[in-house]
Amino acid sequence: MFFQAIFKFMSGLILVGALLFLPAGTTRYPGAWLLIIVLFLPMFIAGLVMMRKNPELLRKRLNVKEEQGEQKTVILLSALMFLSAFIVAGLNFRYGWIVLPFRISCAASAVFLLGYILYAEVLRENVWLSRTVEVQEDQKVVDTGLYGVVRHPMYMATLLLFLSMPLILGSPISFIIMLMYIPIIAKRIRNEEAVLEEGLEGYTEYKRKVKYKVIPFIW
């Protein structure tokens with residue numbers, strides 16, 4: 001599992017670098033380097049912590065093979081969204097279409113790190129958290145902490161992460177592309193909740209108790 005984690009980490013690092021620096025035509029792209037630092041450094045640290053404290057959770061996070069046909073569509077759409085946003089960000093920097101000031105990139109980095117903190121808290125609260133839509137053996141409904149505020153705090157965290165990424169890269173055009181994440185996760189949540197209601201005891205009552213899905217008082 002250690003080598004699998006390292007391989008996926010390095011593959012992701014190389015892929016993101018290629019998607020940003022090749023379209024930009026240079027490695028002198030400050031926003032790209034800033035994103036790589038705030039994205040991969042905490043990811044590396046979190047991986048080490050999970051490896052030591054909760055290797056089973058790390059195994060679940062490494063598993064990305066979806067069995068649900070609808071979720072495979074969601075993953076494909078997400079991949080196309082990221083590819084488009086990163087490539088456009090590189091081209092935007094290269095040709096100077098609409099490049100945001102670097103101070104906005106720094107502010108967006110703070111939002112990104114906040115999203116990472118929320119994500120880490122979700123991992124701490126929910127030991128059954130998986131990257132695939134499934135009901136696990138002996139799984140229980142988690143309704144405390146962030147789960148007492150919204151039903152899907154992981155998506156609340158990833159919404160902050162993903163929408164801050166294009167701003168770190170200084171590309172408002174990529175930000176517009178990343179807004180597609182909202183209907184994508186809405187589709188995923190519909191399917192996920194149907195699976196959980198069918199297979200997880202107490203989830204229907206939990207839905208009645210916690211009204212909001214992702215954003216308190218809004219959605």
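Restricted to helices (runs of 4 or more DSSP H) entirely inside the range 137-219, those with at least 1 residues that are farther than 25 Å from Leu80 by Cα are 181-199, 203-209. Only residues that are within 17 Å of Ile37 (Cβ to Cβ) and in contact with a Gly (Cβ under 8 Å, 6 or more places away or on another chain) were counted across the range 157-189, and they come to 5.
In the range 105-128, the residues that are under 26 Å from Pro30 (Cβ atoms) form Cβ pairs under 7 Å with partners that are small (Gly, Ala, Ser) and not in a helix (DSSP H, G or I), at six or more places apart or across chains, as follows: Ser105/Gly170. Kindly establish whether Arg28 is modelled with pLDDT under 95, basic (Lys, Arg) and either more than 18 Å from the chain's Cα centre (by Cα) or over 19 Å from Lys187 (Cβ atoms) (or both). When the stated conditions are applied, Arg28 does not pass them.
Residues in the range 57-102 that are in a helix (DSSP H, G or I) and modelled with pLDDT of 70 or more: 26 in all.
Of the residues making up the range 75-114, those that are of a type outside the set (A, V, I, L, M, F, W, C) and farther than 19 Å from Ile177 by Cα are Pro101, Arg103. Determine if the range 172-190 includes at least one residue that is in contact with a Leu (Cβ under 8 Å, 6 or more places away or on another chain), small (Gly, Ala, Ser) and surrounded by 15 or more Cβ atoms within 10 Å (Cβ to Cβ). There is no residue in the range 172-190 that is in contact with a Leu (Cβ under 8 Å, 6 or more places away or on another chain), small (Gly, Ala, Ser) and surrounded by 15 or more Cβ atoms within 10 Å (Cβ to Cβ).
Among residues of the range 1-22 that are at pLDDT 95 or above, those with a beta-carbon under 8 Å from a residue that is surrounded by fewer than 14 Cβ atoms within 10 Å (Cβ to Cβ) at least six positions away or on a different chain give the pairs Leu19/Leu83; Phe21/Thr27.
The values are calculated or read from the model by the stated rules, or taken from the named source; none is laboratory data. In this text the structure is predicted, and so the values were computed from the model without any measurement. Virtual Cβ from ideal backbone geometry, glycine too; neighbours counted across all protein chains shown.
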